[in-house]
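Below is one structure; the comments refer to it alone.
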Amino acid sequence: LRGLPPDEVTAGQTTYDLRRLKSRGMITRIPHSNRYTVTDRGLHTAHFLTCVHDRFLLTGLAHLSDHTTAPPLQQASRAYNAALQTLSHTTLLAA
């Protein structure tokens, strides 16, 4: 969950992660054991986030890093950054 190698994760971190997943309804504990199972909500959430990553984030980041063309996403990104820059100057905040 944290992107760490398994040998670097402590028991306390694992307990914390399991508690958070359980409180959000992503997993349920199998009675009379120390094992968990993924709930339907957990599966749907994982599928949704995988689709968002594959379809939008990877594609969007590729479009933003391609400087040879100016797709609508890159133009929107420039406009958004310009608006943030203007807002930071008018409110005297450093961007």
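Only the coordinates and a few stated rules stand behind these numbers; no lab work does. Since the model is a prediction, treat every value here as computed from it, not as a measurement. So basically every Cβ, Gly included, is an ideal-geometry build from the backbone, and we count neighbours across all protein chains shown.
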I'd like the trypsin sites (Lys or Arg not before Pro) in the stretch 35-84 restricted to DSSP loop residues with at most 13 other Cβ atoms within 10 Å, sorted by number. Arg35
Could you state, as a whole-number percent, how many of the C-alpha pairs of the stretch 42-95 are farther apart than 15 Å? 63 percent
Which helices pass in the chain if a helix is a full DSSP H run, must span at least 20 angstrom along its long axis by Cα, and must have mean Kyte-Doolittle hydropathy not below -1.0? 72-90
Using the Cα gyration tensor of the stretch 1-48, with a ≥ b ≥ c the square roots of its eigenvalues, what is the shape: rounded (a/c below 1.5), prolate (a/b larger than b/c) or oblate (neither)? oblate
Does the chain come out rounded, prolate or oblate, given a ≥ b ≥ c as the square roots of the eigenvalues of its C-alpha gyration tensor, rounded meaning a/c under 1.5 and, failing that, prolate meaning a/b above b/c? prolate
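For a footprinting-style exposure proxy, rank Leu57, Leu18 by other Cβ within 10 Å, fewest first.
Numbers: Leu57 11, Leu18 16.
Going from sparsest to densest Cβ surroundings: Leu57, Leu18.
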